[in-house]
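Values quoted throughout were computed directly from the atomic coordinates according to the rules given, and no laboratory measurement underlies them. Here the structure is a predicted model, which means the values were calculated and not measured. Note that we place each Cβ from the backbone using ideal geometry, even for glycine, and neighbour counts take in every protein chain shown.
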Amino acid sequence: MENNAVIQVNGVSKKFCRSLKRSMWYGFRDILRDTSGLRPKSGRLRRKEFWAVDDVSFELKKGETLGLIGPNGAGKTTILKMLNGIIIPDKGDLRIKGRVSALIQVGAGFHPQLTGRENIYINGSILGMGKREIDKKFDAIVEFADIGDFLNTPVKFYSSGMFVRLGFAVAAHCEPDILLVDEILAVGDISFQAKCLERISKLRTEGVAAVLVSHHMPKIGSACDKVLLLLHGKIKLLDKPHIVINAFENHMYKGVNHIQTNSACLGYLPLGGAKIQNVKYEKKCDGEIRIKYGQPIRLSFDYDLEDKDIRDCAVAILVKRVSDGIMCFGALSSFSGFKFTRKKGHMKISVEEHNLVPGLYNIDVQIRTIRHDNAYVAYREPRLIVEYPEDKYILKNLAGVFQPNKIVWKIKG
């Protein structure tokens, strides 16, 4: 393992049995073989067994965050449990360097009859903290969890959201080298999710590696350095977030069986009559547009109306959320009084104010005929990532207290 690598997974596989009785019988036989000094028959499938994780390999270095995505049953949680030592792989080699803090299941490590205060000490001890360390960090944990007067209430009366608040607060303050987080953060409200992502970002700057499992693509896109796509327990793609998320969505929502791993689809689509070329975005890096919450979206492009019969044209800009395809806003240049005065030219568009909360989006730029709403050209940039701000006051606004909805256009022909 490299000096700065904290997780190294080489050809790891894990199988399970669909029958409980047969699974117990197989387990009993494997224990007998192990105690007898015989090698367990773990390299092949027996009746009713299947590979939940099949030949998975990856490496994670200090300060990196890896996202695990895929449909239900793809093997994401199984990988987390192997990384946390809850289960052991049947094949392959798995190496962990440093203290691991995991948040895999709501209420894991909590005693339902004990209070939140008492469970902080119990859960902290499970994660490797001593009493003095917990005493020192107790106030910070309570402040982060923000469960109010319920601190001295038995946790059996907690909601799932309160479980997550307390569990994440303890896990994030145990000074881990590796943080494992499953989908359970989805049960928290939006302000707490923002606080968690902010905490994960801070841990990354301190050299903590993190593995996140989530079905919420905006969260994965904004928090991770790279993403691993699992299908039927196998790795299908390991790359930058926008590339892997785009491939997964194509597979899941468009019925595409082939996972696209290149960017050949990027650029203008010559649907006839016009062209959009040389599209440039401000704050673009490695194919992604990254802006902080509240920052303007600025772009420019060259256009060419090749078809002489094209009349009454307008430029449209559409922004859709990646997770569910909902259009967040759209605007047409004709509403701003802009008209095409020549067949060729250069345009600049600046959306100075918008209501995009942190997440992952698609941007469509189109030239349309006003009369028939027919797009002659559509240009799609792969991803717009709206990042979480550092200002805590703005983070509170993400809960819905304040969402600006005024869109200002600046277009020049």
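Here are a few things to note about the model shown:
- Positive dipole terminus of the stretch 104-181, leading residue within G161, A140, L114 (C-beta point charges): L114
- For the stretch 129-220, a/c is not less than 1.5, where a ≥ b ≥ c are the root eigenvalues of the C-alpha gyration tensor, and a/b does not top b/c. That puts it in the oblate class.
- Relative counts (whole %) of C-alpha pair distances in the stretch 1-159, using bins that are 10 Å wide: 9, 27, 28, 25, 11, 1
- Fully extending the segment from K283 to K131, taken as 0.36 nm per residue of separation minus the present Cα-Cα distance, adds 50.0 nm.
- For the stretch 99-143, applying the loop criterion from DSSP together with a ceiling of 10 other beta carbons within 10 Å to the chymotrypsin sites (Phe, Trp or Tyr not before Pro) yields no site.
- By other beta-carbon atoms within 10 Å, ranking M129, M24 with the fewest at the front produces M24, M129.
- Cα-centred dipole magnitude for the stretch 5-253, charges only on beta-carbon of K, R (+1) and D, E (-1), debye, nearest 20: 1280
- Annotation: peptides 166-177, 293-304, 67-78, ranked by per-residue average of other Cβ atoms within 10 Å with the highest first, follow the order 166-177, 67-78, 293-304.
- Using the Cβ-Cβ distance between R47 and H215 with R0 set to 30 Å, the FRET efficiency from 1/(1 + (r/R0)^6) comes to roughly 0.40.
- Kirkwood-based Rg to Rh ratio, the stretch 209-251, C-alpha trace: 0.92
- Label-point separation, T115 to A140 (7 Å along Cα→Cβ), nm: 2.3
- Additional length obtainable on full extension of the chain from F16 to R342, 0.36 nm per residue less Cα span: 110.7 nm
- Taking label points 7 Å from Cα along the Cα-to-Cβ direction, T35 and L238 give a separation of 3.8 nm.
- FRET efficiency, 1/(1 + (r/R0)^6) with R0 56 Å, evaluated for C328 and D93 via beta carbons: 0.80
- Subset of K219/K240; K76/K137; K136/K292; K195/K226; K202/K280; K240/K292 violating a 26 Å alpha-carbon distance limit: K76/K137; K136/K292; K202/K280
- Whole-Å distance, taken between Cα centres, linking the stretch 83-101 and the stretch 104-154: 25
- FRET efficiency, 1/(1 + (r/R0)^6) with R0 30 Å, evaluated for N4 and S191 via beta carbons: 0.35
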